[in-house]
Amino acid sequence: MSACFLFFSATGQANPRVVSEAISLFEIVHRGGLVMWPILLCSVIAAGVFLERMLFYRKEECNVDSFLAGLGNLLRKGRYEEALLRCQETPARAADIARQIILRRDYPPTELREMTRETAQLALPPLEAHLPILATISYVTPLLGLLGTVTGMIEAFLAMNRASGSVSLSDLASGIWAALVSAAAGIAVAIPTSIAYNYLLTRLTAIVQDIDRVSIEVLHALADSKRLNRATPYPDEIAASLSAASRNA
């Protein structure tokens, strides 16, 4: 038994547990070289733009089916004031465009359609704001990482040149660190930024489609309302027709 104990003790001493050195994030950034700082700045800007656009798009979205169902009924019944109030209570750009169409309901149909198209086009720039920043960051950060890789390799070759051919691994470590860390950082920032850009672009497309749908539905509802009002006789017309019928009788 003592022999077994000595055997396991010797085995444990021959295979000690290797403890890896912990490196802080600041040290990694420092070893990556000067290129790491613009990459970090791009990551902070991308995160800020993504959060701002997420909150902005959340306010611009609404349940279009429910909104149009109630608004269409009000417009077809000629209850325009209630329809305007419903648009004001809905905090979305589509509802604001519907309110502007209702306010101009007395315009000629051709002019009303043209003004609706222009209003929808004017609503696009605020929705598309800041998205080019994400597209630029997703494109530029890998190039910054590549720049860090090239400068790191240049630094490593300069170290070899200074050592006159006999160079140690420690002399090359600084340049290799800068090359690898900067490349990894550029790719690590570019991938989530590209995903965030495409996700926000999908949300933007959905909002634009809602605006187009609301504009078309409101125009159709107003046309139906005018058609129904022309087909339905007014009280004065009803009284005149009844008096004429009584005289003929």
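Kindly provide the set of residues from region 115-135 that are β-branched (Val, Ile, Thr) and either more than 14 Å from the chain's Cα centre (by Cα) or modelled with pLDDT under 95 (or both), ordered by number. Correct list: THR116, THR119.
Check region 112-125 and report whether any residue there is surrounded by 13 or more Cβ atoms within 10 Å (Cβ to Cβ), touching a residue at least 60 places away in the same chain (Cβ under 8 Å), part of a helix (DSSP H, G or I) and basic (Lys, Arg). Yes, because at least one residue in region 112-125 is surrounded by 13 or more Cβ atoms within 10 Å (Cβ to Cβ), touching a residue at least 60 places away in the same chain (Cβ under 8 Å), part of a helix (DSSP H, G or I) and basic (Lys, Arg). Residue check: TYR107 meets all listed conditions (1) of a type outside the set (Gly, Ala, Ser); (2) surrounded by fewer than 19 Cβ atoms within 10 Å (Cβ to Cβ); (3) in contact (Cβ under 8 Å) with a residue 60 or more places away in the chain; (4) within 16 Å of HIS220 (Cβ to Cβ) but one, namely (3).
Here ILE191 meets each of (1) outside any helix (DSSP H, G or I); (2) at pLDDT 90 or above with one exception, condition (1). Of all positions in region 43-66, none carries a residue that is touching a Gly at 6+ places or on another chain (Cβ under 6 Å), over 26 Å from ASP212 (Cα atoms) and in contact (Cβ under 8 Å) with a residue 60 or more places away in the chain. Would you check which residues across region 79-95 are free of Cβ contacts under 8 Å to residues at least 24 places away in the same chain and charged (D, E, K, R) and list them? The answer is ARG79, GLU81, GLU82, ARG86, GLU89. Criterion first (at pLDDT below 90 and not charged (D, E, K, R)) does THR151 satisfy it? Judged against the criteria, THR151 is a match.
Checking region 13-29 against the condition returns no match, with no residue being modelled with pLDDT of 70 or more, within 26 Å of SER182 (Cα to Cα) and touching a Gly at 6+ places or on another chain (Cβ under 9 Å).
The values are calculated or read from the model by the stated rules, or taken from the named source; none is laboratory data. Please read all numbers here as calculations on a predicted model, not as lab measurements. For neighbour counting, all protein chains shown are included, and Cβ atoms are generated from backbone atoms with ideal geometry for every residue, glycine included.
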